[in-house]
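Remarks on the structure that follows.
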Amino acid sequence: MAKKKKLTKGQQRRVSSNRKKRLSGNKEQAQVQWQADQLGAQEDGLIISRYGQHADVEDSNGEIFRCNIRRTAGSLVTGDKVVWRRGNEVLSGISGVIEAVHERVSELTRPDFYDGVKVVAANINQIFIVSSVVPAFSTQIVDRYLVASEDVEIKPIIVLNKIDLLDDEGRELLDEMLEPYRDIDYQVIMLSSKSGEGVDELNTLLKDNVNIFVGQSGVGKSSLINALMPEAELITGDISDTSGLGMHTTTTAKLLHFKDGGDLIDSPGVREFGLWHLDPERIAWCFVEFREFLGGCKFRDCKHLDDPGCILAQAVEDEKIDSERFDNYHRILESLDNNKPNRHPGGAN
Ligand code: GDP
Ligand code: ZN
């Protein structure tokens with residue numbers, strides 16, 4: 001496993017040279033075909049990223065190969081575990097063919113203006129909701145991301161970054177604001193990517209998991225990723241290169257390995273995701289502490305506002321549900337009415 005963590009210089013060169021070939025050889029690549037006797041035995045691989053008709057597959061030694069995707073393989077995204085076969089030679093930059101996809105443990109989806117809900121990554125098992133004290137901590141935003149995480153049924157963990165900017169009093173205040181989340185069993189970690197405080201705790205949580213970082217711009221996601229993955233800078237720089245690969249690659253989710261173990265799937269489209277495809281009932285269900293009460297209101301179509309016999313409102317009254325969470329639930333519903341689907345500049349892949 002240790003071998004897997006880093007791309008060697010040679011591997012990086014190979015990936016980059018494969019990309020260059022791809023630029024010149026797109027048409028040829030689509031036609032690359034090996035005869036059955038030119039392909040090796042089936043082996044397991046991990047999808048590092050997907051580019052249209054091709055995907056980069058990592059083998060068990062951590063080496064990356066650009067492959068064609070057999071039509072019968074089914075849909076395929078970053079994070080998928082696949083069965084592939086390597087060719088006995090590299091043809092137009094293509095090293096092999098992906099034949100099948102293993103069953104997924106999770107699917108990260110995002111609403112897409114044209115295609116409905118789209119799967120953007122597979123097998124993620126932890127979503128780190130990054131928030132910070134600058135810009136001001138907002139439970140509203142945290143709750144939106146919690147709803148999105150519950151909807152895809154992937155475990156969320158709340159990260160409060162930039163705590164180096166707080167004095168003792170500020171920390172206490174923040175701790176109080178986070179209490180309702182701990183009460184409903186969400187894990188909360190406070191840290192500073194700048195001072196390094198709390199980063200070890202984060203590292204421990206990342207290990208052995210496939211993770212994503214989500215959150216508003218400016219909260220420090222990139223800083224955290226750079227702190228945990230010094231070599232990522234090089235790779236990110238490569239991805240955002242606009243010399244022709246641009247549009248295609250920046251929107252493609254990419255899987256990277258943390259230096260101390262664990263994986264990260266990242267792309268602009270992964271870092272933010274919308275809620276407008278969810279209906280109000282689903283959103284209520286995504287507030288975990290509401291679940292035990294759902295279905296118990298006097299009226300079946302209860303809006304949980306000032307409807308008589310609302311069991312949720314009663315639970316708030318009885319302090320079984322945090323009133324701010326309840327307000328945030330209503331704010332999310334309002335935002336669904338106001339926000340018509342719009343295309344994301346960086347993420348409409
Ligand atoms: P992103 O948009 O979420 O990727 O945020 P960035 O990583 O680009 O960080 C936004 C700003 O916050 C930058 O100016 C960082 O230097 C700053 N920043 C990030 N982490 C910390 C931290 O732990 N403490 C402080 N004081 N500033 C931080
Ligand atoms: Zn109700």
- Task: Select from region 103-113 the residues that are open to solvent by 40 Å² or more (accessible area, probe 1.4 Å) and in contact (Cβ under 8 Å) with a residue 24 or more places away in the chain and list them in ascending order.
- Result: 104, 107, 113
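The rows are residues; the columns are (1) among the β-branched types (Val, Ile, Thr); (2) within 16 Å of ligand 2 (Cβ to nearest atom); (3) open to solvent by 40 Å² or more (accessible area, probe 1.4 Å); (4) modelled with pLDDT under 95.
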position	(1), (2), (3), (4)
227	no, no, yes, yes
246	no, no, no, yes
249	yes, no, no, yes
256	no, no, no, yes
275	no, no, no, yes
- Residue by residue through region 42-59, note down the ones that are part of a loop (DSSP other than H, G, I, E, B) and modelled with pLDDT of 95 or more. 42, 59
- Task: Hey, could you check region 286-333 for residues that are open to solvent by less than 80 Å² (accessible area, probe 1.4 Å) and aromatic (Phe, Trp, Tyr) and say which is farthest from ligand 2 (Cβ to nearest atom)?
- Result: 287
- Task: Please work out if residue 110 is among the charged types (D, E, K, R), under 30 Å from residue 204 (Cβ atoms), at pLDDT below 95 and under 23 Å from the mean Cα position of the chain (by Cα).
- Result: yes
- Message: If I go through region 126-142 residue by residue, how many of them are more than 25 Å from residue 106 (Cβ to Cβ) and aliphatic (A, V, I, L, M)?
- Response: 3
- Message: On the basis of being open to solvent by 70 Å² or more (accessible area, probe 1.4 Å), out of contact with any Pro (no Cβ under 7 Å at 6 or more places or on another chain) and either within 21 Å of residue 260 (Cβ to Cβ) or within 16 Å of ligand 2 (Cβ to nearest atom) (or both), does residue 194 make the cut?
- Response: yes
- Pairs under 9 Å by beta carbon, first residue in contact (Cβ under 8 Å) with a residue 60 or more places away in the chain in region 287-305, partner within 10 Å of ligand 2 (Cβ to nearest atom), six or more apart or different chains? 289/315
- Message: List the residue pairs whose Cβ atoms are under 7 Å apart, where the first residue sits in region 189-201 and is more than 13 Å from residue 166 (Cα to Cα), the second is surrounded by 13 or more Cβ atoms within 10 Å (Cβ to Cβ) and among the polar types (S, T, N, Q), and the two are 6 or more positions apart or on different chains.
- Response: 193/161; 193/223; 198/192; 199/193
- In region 134-178, which residue that is hydrophobic (A, V, I, L, M, F, W, C), within 16 Å of ligand 1 (Cβ to nearest atom) and more than 20 Å from residue 213 (Cα to Cα) is most open to solvent (accessible area, probe 1.4 Å)? 165
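The values are calculated or read from the model by the stated rules, or taken from the named source; none is laboratory data. If you're wondering where the values come from, they're calculated on a predicted model, not measured in any experiment. Heads up, the Cβs are rebuilt from the backbone with ideal geometry, glycines too, and the neighbour counts pull from every protein chain shown. Remember, those area values only see protein heavy atoms, side chains included, never the ligands or the DNA or RNA. Shrake-Rupley method; radii C 1.70, N 1.55, O 1.52, S 1.80 Å.
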